[in-house]
Amino acid sequence: MEADQAVFLSAVGNHFLVGISRAMILFVVSAGLSFILGVLRVPNVAHGSLYMIGAFFAHSVTTVFGGNPLGFWLALLLAPLMVAAVSLVAERALFCHLYEREHLMLLLFTFALMLILGDLVKLVWGADYRSVTAPKILQGSLTLFSSPIPKYNLFLLAVGPVIAVALYLFSNKTRIGKIARAAALDREMVSAIGINVSWVFSFAFVLGCFLAGLGGALVAPTVSVTLGMDHDIIIEAFLIVTIGGLGNMWGAMAGSLIFGITQSFGVLILPQFAIVFPYLAVVIVLLLKPKGLLKSVW
Amino acid sequence: MPVASRKRILPVFNVLLLGLLTVIPSILPLFYIYIFSVIFVTAILAMSLNMVVGHGGLYQFHHGVFYGIGAYTLALMLTKTELPIWAGFLAGPFCAAFAGLIIGLFCIRLNRLYFAMLQISLGSLVWAVTFRWYKFTGGDDGIHGISLPDALLGIHRAYYVILAVMAVCLILMYRIYKSPFGITLRAIRDNPERCAAIGINVRMHQLFAIVLATFFAGVAGVLFVVVERSVFPDLMFWVLSLEIMIMCLLGGWFTFAGPILGAAIMVSLRTFAGVYTEYWTLILGVLLILLIFFLPEGVMGYLMKKIQPRKADS
């Protein structure tokens, strides 16, 4: 009897661990969104498309390498870099001329970018479902507290905090990170002391998009890579950033965890309405704390 | 062109346009009548959003939800209840307005982006429930093949009903636009602090604008059911909400009739570019970027500027 209970508890525990590991992907994507929101003050609607492109690039890179396990690790590195390159082109060619314009126009621009990128993905990769296989080490599952958990989810659980710490160190300990944070708080002052704000914005945008691409590459082995994966992630990332506090990286982490945990909880008690639970949690948080849980930079 | 003569020309122009639209069904093939009906429905929707976004200056980012609520209310009443049909047609807009009141009450305390985000989260909640509640709303399949009364069967009859409803809606919206309320609303958009200082209840005006706008969105939703005879959760998805906003910006959101033009451009583009290529959103995206760079006040805003006498001269 007691043994049954232990198995049940560990199964529930692992169920939540899987939920939290998904939240790590949400964290990577929404941290990028949050960074762009904090520095540029633009809700980047194209963020989801860049995430999708990251997943497709990851697919292409792994396909080029065939079954070689190296392919996946290279994809994790190359896919975000390619996404960053795409965003750098879009930013320098078009976006950077709009910074002085009305806010809604910037939002509109990112929406136009989303439309264009979505169709470009269709042009390049087509509308088929694609899959990315994780390397051998991360396939299969481990037994944790007497019930199984997929290895890949454990990998995600490890990757999330590493990225969080890296981002923290980057924005607090490096010169460029400090400049970006300063630009988020007071961009006039930053330009007054002789820093080219336009390049700071460009850098922040590209870094944010890099994270979107990384999220896409990380999620690729767990889902079927296809058109339309941009639409779902972007709204979730926006809500996560809002409940966490705009521009606050730890807030993105808190928001992602709330999202992941409430969804796992929903799957346990009311599977049909599981996707409703995170939205409900978001509404409750926003009704109580409309400006987010942690301090926002706005 | 002097203002006085423009004032005389405008009603003549409107009557001519209405006359033209009434004879269209007897000239054009069936497909075009359908397209025109879709444009009318979309135009009401875009105009309703512009009441809050363009004239009210509020970040109403999830307007599609109210459109969907209007459509779903009618669809559910027609398929699940025995109530008379006109009750459904009334209930749609009123339910949408009620939802607008509730969501508005929560959002109105906040400003700009926070307003937008709370509305998106509340709207997404409504969407998620609709998307999943298979027993009641049909879930992600929606409801199809809704039976309508004879008076609305056939695209010809539907066309005239929709045209009439649109005309009434536009007249009402114009009245609201020109009323003291409408003028106050635009004043609040331009300078809320000063309006509050002279004793205008800013929040009350904004809330009332939201309720009015969501009512008209409900009207558009009901008409959507008349045209398509089906409902699906995509009506409440955020992509549609952003599309409506683009129609407003495309047409010119500081003008009264701009959104109609925006809706017409969007629907035609989707239909006719969609015939030739499956990449019509690419075309739309490029068009939008051109618009942002070259016509920031929208097509109508640009035209108005061209024909309007310069204020500084008079």
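The values are calculated or read from the model by the stated rules, or taken from the named source; none is laboratory data. Small disclaimer: the values here were computed from a predicted structure and weren't measured. Backbone-built Cβ (ideal geometry, glycine too); neighbour counts: all protein chains shown. Side chains included, ligands, DNA and RNA excluded: accessible areas come from the protein's heavy atoms. Shrake-Rupley method; radii C 1.70, N 1.55, O 1.52, S 1.80 Å.
Extension gain for B:ASP150-B:VAL239 works out to 28.7 nm (0.36 nm per residue, less the C-alpha to C-alpha distance). Peptide B:245-252 is shielded by partner chain Cβ atoms: per residue, an average of 2 of them sit within 10 Å of its Cβ. The accessible-area loss of region B:103-143 on complex formation, taken against its chain alone with a 1.4 Å probe, reaches 50 Å² or more at B:LEU113, B:TYR114, B:MET117, B:SER121, B:LEU125, B:ARG132. Once B binds A, the 1.4 Å probe can no longer reach about 4300 Å² of accessible area, counting both sides. With contributions of -39500 (n - 2.57) from each DSSP H run of at least four residues, the per-residue ellipticity at 222 nm computed over chain A stands at -25000 deg cm²/dmol.
Short-range pairs are left out: with C-alpha atoms under 8 Å and at least six residues apart, the relative contact order of region A:121-261 is 25 percent. Estimated from the Cβ-Cβ distance and a Förster radius of 35 angstrom, the FRET efficiency linking B:ARG194 and A:LEU287 is about 0.70. The length gained on full extension between B:ILE183 and B:ILE307, counted as 0.36 nm times the residue separation minus their Cα-Cα distance, comes to 42.4 nm.
Taking amide hydrogens as placed 1.01 Å from N in the peptide plane, the amide H of A:ALA46 sits under 5 Å from those of A:MET114, each at least 5 positions away in sequence or on another chain.
Calculated on the Cα set of the protein assembly as shown, radius of gyration then Dmax: 25.5, 92 Å.
Using a 1.4 Å probe on the protein chains only, how many percent of the accessible area of region B:194-314 belongs to carbon and sulfur? Answer for region B:194-314 is 67 percent, counting heavy atoms of protein chains only.
The residues of region A:2-228 present an accessible area of 42 Å² per residue when probed at 1.4 Å with all protein chains retained. In this structure, the amide hydrogen of A:LEU144, modeled 1.01 Å from its nitrogen in the peptide plane, lies closer than 5 angstrom to those of A:ILE149, counting only residues at least 5 positions away or on a different chain. The string of couplings for region B:181-186 from the Karplus curve (6.51, -1.76, 1.60, θ = phi - 60°) is 4, x, 5, 4, 4, 5 Hz, one whole number per residue in order, with x for Gly and Pro. Around A:PHE72, what is the net charge, scoring Lys/Arg as +1 and Asp/Glu as -1 over all other residues with Cβ under 15 Å from its Cβ? Within the 15 Å Cβ shell, the charges total +3. For B:ILE9 and B:LEU172, a Förster radius of 25 Å and the Cβ-Cβ distance give a FRET efficiency of 0.65, rounded to the nearest 0.05. Rounded to the nearest 20, the Cβ-based charge dipole of chain B about its Cα centre (Lys and Arg +1, Asp and Glu -1) stands at 1040 debye. Among the residues of B:58-64, the average count of other protein chain beta-carbon atoms within 10 Å of the residue beta-carbon is 1.
Checking the cross-link filter: which aspartates and glutamates have an alpha carbon closer than 20 Å to that of B:LYS306, excluding same-chain neighbours under 8 positions apart? Leaving aside aspartates and glutamates fewer than 8 places away in the same chain, those within reach of B:LYS306 are B:GLU297.
Between B:THR277 and A:TRP199, the distance separating the two model label sites (each 7 Å from Cα on the Cα→Cβ line) works out to 3.7 nm.
Could you tally the net charge around B:THR184, taking each other residue with its Cβ under 14 Å from the Cβ of B:THR184, Lys/Arg +1 and Asp/Glu -1? Don't jump to the answer; show the numbers that get you there.
Working: positive: B:LYS178, B:ARG186, B:ARG189, B:ARG194, B:ARG203; negative: B:ASP190.
Result for the local shell: +4.
Partners of A:LYS291 within straight-line reach, counting lysines whose Cα lies under 28 Å from its Cα and excluding those fewer than 8 residues away in the same chain: A:LYS173, A:LYS178. Shape analysis of region A:59-151 yields a ratio of the Cα radius of gyration to the Kirkwood radius, Rg/Rh, of 1.15.
In the elastic network of chain B, a GNM with C-alpha springs shorter than 10 Å, the most mobile of B:GLY145, B:GLY251, B:GLY57 is B:GLY145. Here the label points at A:ALA166 and B:VAL202, each 7 Å from Cα along the C-beta direction, are separated by 4.4 nm in the simple model.
Counting only protein chain heavy atoms and rolling a 1.4 Å probe, the accessible areas of A:PHE155, B:PHE254 rank, largest first, as B:PHE254, A:PHE155. Only helices enter this figure: runs of n ≥ 4 DSSP H residues, each worth -39500 (n - 2.57), summed and divided by the residues of chain B, yield -24500 deg cm²/dmol at 222 nm to the nearest 500.
Partner lysines whose Cα lies under 23 Å from the Cα of B:LYS135, excluding those fewer than 8 positions away in the same chain, are identified as B:LYS80. Taking chain A as a Gaussian network of alpha-carbon nodes connected by springs under 10 Å, the highest mean-square fluctuation of the residues A:PHE201, A:PHE145, A:PHE57 belongs to A:PHE145.
Sequence gap at least 6, Cα distance under 8 Å: using those rules, report the relative contact order of chain B to the nearest whole percent. Display every interim value, and only then the final one.
Values: 446 pairs, mean separation 100.9, N = 314.
Averaging sequence separation for qualifying contacts and normalising by length gives 32 percent for chain B.
At a 1.4 Å probe, which residues in region A:277-298 are at least 10 Å² less accessible with all protein chains present than in their chain isolated? Relative to the lone chain, where solvent access is computed with a 1.4 Å probe, region A:277-298 loses at least 10 Å² at A:TYR279, A:LEU280, A:VAL283, A:LEU286, A:LEU287, A:PRO290, A:LYS291, A:TRP298.
Projecting label points 7 angstrom from Cα along Cα→Cβ for A:SER146 and A:LYS178 puts them 5.3 nm apart.
When chain B is treated as a GNM with alpha-carbon contacts under 10 Å, the residue of B:VAL41, B:VAL225, B:VAL202 showing the greatest mean-square fluctuation is B:VAL202. Residues of region A:117-132 whose accessible area (probe 1.4 Å, heavy atoms of protein chains only) drops by at least 40 Å² once all protein chains are present, relative to their chain alone: A:ASP119, A:LYS122, A:LEU123.
When a 1.4 Å probe is rolled over the protein heavy atoms, the share of accessible surface on chain A that falls to carbon and sulfur comes to 69 percent.
Over region B:28-307, with the other protein chains present, what is the accessible area per residue in square angstrom, probe 1.4 angstrom?
41 Å²
For B:LYS80 and B:ASN111, the difference between the fully extended length at 0.36 nm per residue and the C-alpha to C-alpha distance is 7.2 nm. Computed over protein heavy atoms with a 1.4 Å probe, the carbon and sulfur contribution to the accessible area of region B:30-102 reaches 79%.
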